[in-house]
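**Student:** Here's a structure for you.
The values are calculated or read from the model by the stated rules, or taken from the named source; none is laboratory data. Remember, it's a predicted structure, so these values are computed and weren't measured experimentally. Positions of Cβ are backbone-derived with ideal geometry, glycine not excepted, and every protein chain shown enters the neighbour counts. Only protein heavy atoms, including side chains, enter the accessible area calculation; ligands, DNA and RNA are left aside. Shrake-Rupley method; radii C 1.70, N 1.55, O 1.52, S 1.80 Å.
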Amino acid sequence: MKTSIIGFPRVGELRELKFATEKYFRKEITAEELEKKGKELRLKHWQLLVDQGIDFIPSGDFSFFDTILDTAVLLNLVPKKYQELGLPPLETYFALARGYQGESGDVTALAMKKWFNTNYHYMVPEIDDDTELKLVGNQLFTTFSEAKEAGIQTRPTIVGPFTLLKLATYHGPKQAKDFYEEAIIAYTQIFDQLTKLGCEWFQIDEPALVLDLTPTDIQQFRELYEKLLAKKGQLKILVQTYFGDVRNGYQELIELPFDGIGLDFVEGRKTIDLLEEHGFSKEKTLFAGIVNGKNIWKNNYQKTLELLEMIQPFGDIVLNTSCSLLHVPFTLANENVLEKDVTAYFSFAVEKLTELNDLKKILEDKKINQDLLKANSVLFTQERFVKNKRVAKQIEALTKNDYVRLPKLSERAIIQKEKLELPTLPTTTIGSFPQTREVKQNRAKFKKGEITEAEYIAFNRKKIDECIAFQETIGLDVLVHGEFERNDMVEYFGESLEGYLFTEKAWVQSYGTRCVKPPIIWGDVSRSKPITVAYSKYAQTLTHKPMKGMLTGPVTILNWSFPREDISLKEATLQLALAIQEEVLDLEANGIEIIQIDEAALREKLPLRQSDWHTEYLDWAIPAFRLVHSKVQPTTQIHTHMCYSEFADIIQDIDHMDADVISFEASRSNLDILDALKAIDFQTQVGPGVYDIHSPRVPSVEEIETTIQNILNKLPIEKIWINPDCGLKTRGVSETQASLKNLVLAAKKVRGGV
Ligand code: GLN
Ligand code: ZN
């Protein structure tokens, strides 16, 4: 029995790669020094895998920014404008990743997209008609040799042509298929080079196989690989899939002459059925993804062994993770605050290696290794003290009516209009104001116990005073308190809810040098005390204008946390929804007339297959949002906010959230979303962001006026709100003030003109 992993967290145990790369960006270290750091980390990680007894060790999973970008660079998919900068290779690479502004030119970065259903983001390769896909890089080969010199035989990995070309953006009429011939030549050259270097196995990732694929897609995949595999020679090829099952192309996959096939038995709901229905191939090795690469809970050995018992008759198997370990934190070893009886349940990347090894040992000799199995089983048979009877009863008692707000949207709109007395095209912001150094310092000092709670609150109140004074001066219509007390929109709520745990060092790469530290849902979630009421109430006393209460919605809180595995996502979301509902009602009881419930990450766990969208997700996620606000008075106006522009395909479901107003990011996508809104006769009032807050640029009054006019060309004026496209916390103070002034002026001008 052998063990394998698909990829390892390259950012390092203590985010060493992030810090080194950022130093390089700030010109504090040279390219050579950064390369040296990269090499040091690669060697350290390979050695760790060796020490943990992993048999198939990947190389090529390391990257200074993103492995899809690495593959694009390897294969010459670098648009002209970046090549023309004439920069050294590493700088060109970072120009693609982050944009470049300097003596050599001015280019924006490649687009960034969410990697399947994870919170990791990859760089989207751009392909023109004159792009020539060919092997030009060597990083894959040099890292393989680097490991070999250190005495470690690795299995190089890159993304395969089918997925790579499917994920790319095309600027001309040429499409993915038109680049297949070139891809075959390039990948064949890779085969040859790797073979020459003494490589045995090569891992080609084709996660696109778990998407909804048409017979044409499958046919193309088959043709592509028939040609490619004819050229593999001695090299053994593993085609690796993850994030789901390969139900559309399974038969083709087992018929093609791959040497190994990597299947996901964790997220792939149908994987085992596919094996049972169509069998496997005796000549191939099955890399069985049985240790979850995404979640942080310990593997249930007993259950996994039962699963393996079903898989083993189908052929030669290797124990594998379900996806790259990139998506989990590095190690538990640095968590010193959490109790041992809690961390006993957790397994981060390094601990998952132990799990693979334990499973291997148990399979090899159950008797000798029965203690391993016993110790593990205890975790799953004993009570974890996570239950909350009150919450369970509340959920049990829910009926259809709890998900319906009355009266209906159109009637509420009339009632609220009368009560709130807002002008046409009301102006507002998304919630946060700039988190300056002093704001962050105040929080840090309080956390470290350097200032008292009274001092901490006094500072925040002073910031709220200033923030409201500014908003009044420039004439915004619906005000916010500025969110100075919040570190992160999910962590802040997690910290105030029962059932959450927080780690110290459990960072996960989100993109490039950015890492996130998701909180862990440990037990039943409930609210034991009001969370936001005090600050919102205080803020409302400072103004006669409506003060918007700011909350994060249940789906977003869930999606940006590590969820439990012992209850369903639906149940976990309902628990969160009930907690936030209590907060909504408390805000209302304390005189807050407008409440925004952010669902920034609503789309995050949308299943990869459209056929699963409703049954597996939207059918409970959207009602969970409604549950949060269904009990408020008709006069209370509920807002929501969403980030990322890909809404068009779920726009109807968003309307069914039944908020009174929704704001979203739209300026970067050229307001494409307006057509979708128009097409379905979107009922909710909308605030499509009128300027991009992700850039320090200050939009002019005229520019915003034009944007507003564009919106009004498509949508009825009585439904439109004017706001920036996201929260302002990452921006500087002066650009924020200038931009908001212009936003209000533009709205006033348009109002005057219509
Ligand atoms: N209310 C939050 C803010 O303004 C929303 C953040 C977000 O959409 N990501 O920061
Ligand atoms: Zn946003």
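**Student:** Apply the Karplus curve 6.51 cos²θ - 1.76 cosθ + 1.60, θ = phi - 60°, to the phi angles in region 211-221 and return the couplings in whole Hz, x for Gly and Pro.
**Tutor:** 7, 5, 10, 8, x, 5, 4, 5, 4, 5, 4
**Student:** Something else about it: Pull up all non-local amide H partners of Ile317: gap of 5 or more, or a different chain, and H-to-H distance under 5 Å with H placed in the peptide plane.
**Tutor:** So Ile317 has HN proximity to Leu286.
**Student:** Per the helix-only calculation at 222 nm, which mean residue ellipticity applies to the chain, given -39500 (n - 2.57) for every DSSP H run of n ≥ 4 and division by its residues, nearest 500 deg cm²/dmol?
**Tutor:** -12500 deg cm²/dmol
**Student:** Further question on the same structure: Mind giving me the FRET efficiency for Asp341 and Lys270? R0 is 45 Å, r the Cβ-Cβ distance, nearest 0.05 is fine.
**Tutor:** Efficiency computed from Cβ-Cβ geometry: 0.80.
**Student:** Next question, about the same structure. When a/c is below 1.5 the answer is rounded, else prolate if a/b is larger than b/c, else oblate, so apply that to region 281-376 with a ≥ b ≥ c taken from the square roots of the Cα gyration tensor eigenvalues.
**Tutor:** Oblate is the answer for region 281-376, as a/c is 1.5 or above yet b/c matches or exceeds a/b.
**Student:** Hey, what do the phi angles of region 554-567 turn into as Karplus ³J(HN,Hα) couplings, whole Hz, using 6.51/-1.76/1.60 and θ = phi - 60°, x for Gly and Pro?
**Tutor:** Once θ is set to phi - 60°, the couplings for region 554-567 become x, 5, 5, 4, 4, 5, 9, 10, 7, x, 5, 10, 8, 10 Hz.
**Student:** Here is a follow-up. In region 472-629, what percentage of the DSSP-assigned beta bridges are antiparallel, given to the nearest 5?
**Tutor:** Here the share of antiparallel DSSP bridges comes out near 50 percent.
**Student:** Thr541 to Phe380: extension gain in nm, 0.36 nm per residue of separation minus the Cα-Cα distance? All intermediate terms of the calculation are to be shown ahead of the outcome.
**Tutor:** Working: separation 161, 0.36 × 161 = 57.96 nm, distance 5.12 nm.
That pair, Thr541 and Phe380, stretches by 52.8 nm at full extension.
**Student:** When the accessible area of the chain is split by element with a 1.4 Å probe, what percent falls to carbon and sulfur?
**Tutor:** Ligands and nucleic acids excluded, carbon and sulfur reach 51 percent.
**Student:** Report for the chain the percent antiparallel among DSSP-assigned beta bridges with both residues inside it, nearest 5.
**Tutor:** Counting DSSP beta bridges with both partners in the chain, the antiparallel share is about 20 percent.
**Student:** Let me ask another. Cross-link candidates for Lys537: which lysines have Cα within less than 18 Å, leaving aside residues fewer than 8 places away along the same chain?
**Tutor:** The qualifying lysines are Lys462, Lys463, Lys529, Lys545, Lys548.
**Student:** Let a ≥ b ≥ c be the square roots of the eigenvalues of the Cα gyration tensor of region 393-475; is it rounded (a/c under 1.5), or, if not, prolate (a/b larger than b/c) or oblate?
**Tutor:** Because a/c hits 1.5 or more and a/b fails to exceed b/c, region 393-475 counts as oblate.
**Student:** Classify the chain from the C-alpha gyration tensor, please: rounded if a/c falls under 1.5, else prolate or oblate depending on whether a/b exceeds b/c.
**Tutor:** Judged from the Cα gyration tensor, the chain comes out prolate (a/c at least 1.5, a/b above b/c).
**Student:** On to the next question. Using a 1.4 angstrom probe and counting only protein chains, how large is the accessible area of Asp675 in Å², to 10?
**Tutor:** Approximately 80 Å² for this residue.
**Student:** Further, regarding this structure: Would you pull out the residues with amide H under 5 Å of Gly549's amide H, same chain only if 5 or more places away, H placed 1.01 Å from N?
**Tutor:** Ile594, Ile595, Gln596
**Student:** Which of the GluC sites (Glu not before Pro) found in region 447-502 are in a DSSP loop and have at most 12 neighbouring Cβ atoms, other than their own, within 10 Å?
**Tutor:** Glu450
**Student:** Amide H neighbours of Leu135 under 5 Å, at least 5 residues apart or on other chains, H built in the peptide plane: list them.
**Tutor:** For Leu135, no residues qualify.
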